[in-house]
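Peer 1: The structure that follows is given in the form of structure tokens.
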Amino acid sequence: MLDHGIDRRTRECPERLARIDLAISSPGQTRDFVKYAPRRVTDEELFAVHSRFYIEQVAGCCVRDDPYCYDSDTYLMEDSLPVARLAAGGCLVLADAIMLDEIGRGFALIRPPGHHAEAGRGLGFCIINNVAVTAQYLVDRYDLERILILDFDAHHGNGTQQLFYESSKILFISIHQRSIFPFSGDVTELGQGAGAGFNVNIPVFSQYGDAEYEYLMGKLVLNIAEQFRPQIFLVSAGFDAHAHDSMSGLALSTAGFVEICELLKHSADQLCGGRLLYVLEGGYNLPSLTEAVLASMDSLMEPSCEPPKCGLSRRAHTLIESTLSGVLSDKWTI
Ligand SMILES: [Zn+2]
């Protein structure tokens, strides 16, 4: 997955993964994890989510001279499509390992990211929607009927939302900074048809950090999860909401990402036998990305414990309540 890259400065670059790989492969590291080799998604798995026309269009652009001939962010070169297929397939390998009880939790360390990719369109560095391919695979292969996808990348997961907008099997919850790329993710986008109520957007203001996220996790995400009773948690884990990442104005610390992980672990243990799969999305400040990913990995390897009750100032509480009003359909009790 380091082969998708071009000779120009790009935010979504091979170094993102190379740094993480270096840290977990160094002789001094003592983490006790199992590594799974990825495989490429098959056509069947891929076309269950993306249109054939779109993938052919991408394949065509991959062999052209201009890496930006498809889109101004989402560069494409010779290896891009095979790499994207490997990234999505890596998630499926971990999904299998979790469903077969070989492991309880997993973290797909992959690139390029996926959550902006729609059925027929790539954007925002995303070619194949990795988390969506995984969710659809779990429905098709294991007959799962309730999958919860939490997306805490700083940007709205427009692609995942679009792909499951009419599905009641996949509950999509996105916490993201409002009014930044891709400019979707309003609270009024609630899903439609059978999927009405199964799409929950929580657009937050710039400067939101650990305390606010912890509160939103407890008040909304895990509360709704308890009512939905997922059979597995999938997480679009982007780390660009980190205070050191200039791609957003959000202010999570590494400890804040760990706290989110702790809360998810606890909830997964309560609701679905601990099944929890992290899928890497964004995160562009190399030191903070590496630090937050490794800290989250460490957390995933530890047993869960009772989460502490969070405290929140009256001002933050009021701010959050005002942003939350209208968030939910009457499907969920808050
Ligand atoms: Zn992002």
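Peer 1: Which sequence of V34, V83 reflects their accessible areas, 1.4 Å probe, from the largest down?
Peer 2: Per-residue accessible area, sorted high to low, gives V34, V83.
Peer 1: Quick one: how many lysine pairs in the chain have C-alpha atoms under 29 angstrom apart, if they're 8 or more apart or on different chains?
Peer 2: Step by step, the pairs that qualify in the chain add up to 10.
Peer 1: Tally up the carbon and sulfur contribution to the accessible surface of the chain as a whole percent, 1.4 Å probe, everything protein left in place.
Peer 2: Result for the chain: 49 percent of the exposed heavy-atom area is carbon or sulfur.
Peer 1: Can you tell me the accessible area per residue over the chain, all protein chains present, probe 1.4 angstrom, in square angstrom? Walk me through the numbers before you get to the answer.
Peer 2: Values: 13680 Å² over 334 residues.
Result: 41 Å² per residue.
Peer 1: In nm, to one decimal, how far is the modelled label at L312 from the one at E166, with both set 7 Å along Cα→Cβ?
Peer 2: So the two model labels end up 3.5 nm from each other.
Peer 1: Tell me, what is the 1.4 Å probe accessible area of H242, in Å² to the nearest 10?
Peer 2: 10
Peer 1: While we're on this one: Roughly how many Å² of H4 are accessible to a 1.4 Å probe, to the nearest 10?
Peer 2: We get 0 Å² for H4.
Peer 1: Under the rule of -39500 (n - 2.57) per DSSP H run of 4 or more residues, summed and divided by the residues of the chain, what mean residue ellipticity at 222 nm is obtained, to the nearest 500 deg cm²/dmol?
Peer 2: Numbers: 11 runs with 127 residues, N = 334.
Result for the chain, helices only: -11500 deg cm²/dmol.
Peer 1: Still on this structure, please answer the following. What are the extents of the Cα atoms of region 79-222 along their three principal axes, in Å, largest first?
Peer 2: In descending order, the Cα extents are 37, 33, 33 Å.
Peer 1: Which value, in Å² and to the nearest 10, is the accessible area of K35 when all protein chains are kept and the probe is 1.4 Å?
Peer 2: Counting only protein heavy atoms, K35 exposes about 130 Å² to solvent.
Peer 1: Here's something else I'd like to know. Compute the distance in nm between two label points, each set 7 Å from the Cα along the Cα-to-Cβ direction, one at D330 and one at I6.
Peer 2: 5.1
Peer 1: Please give the per residue volume of the convex hull enclosing the alpha carbon atoms of the chain, rounded to a whole number of Å³.
Peer 2: Details: hull volume 41.2 nm³, N = 334.
In the chain, the Cα convex hull volume per residue is 123 Å³.
Peer 1: Same structure, new question: Along Cα→Cβ, 7 Å out, is where each label goes; now give me the distance between the ones at S179 and D65 in nm to one decimal.
Peer 2: Modelled inter-label distance: 4.3 nm.
Peer 1: Given Cβ point charges of +1 (Lys, Arg) and -1 (Asp, Glu) and nothing else, what value in debye, to the nearest 20, does the dipole of region 16-109 about its Cα centre take?
Peer 2: On the way: 10 positive and 15 negative charges, 71 e Å.
The dipole of region 16-109 has a size of about 340 debye.
Peer 1: Would you rank D151, D65 by solvent-accessible area, highest first, keeping every protein chain in place and using a 1.4 Å probe? Write down the numbers at each step before the final one.
Peer 2: Values: D151 0, D65 155 Å².
Ranked list, largest accessible area first: D65, D151.
The values are calculated or read from the model by the stated rules, or taken from the named source; none is laboratory data. Small disclaimer: the values here were computed from a predicted structure and weren't measured. Every residue, glycine as well, gets a Cβ built from its backbone with ideal geometry; the counts of neighbours run over all protein chains shown. With ligands, DNA and RNA removed, areas are computed over all heavy atoms of the protein, side chains included. Shrake-Rupley method; radii C 1.70, N 1.55, O 1.52, S 1.80 Å.
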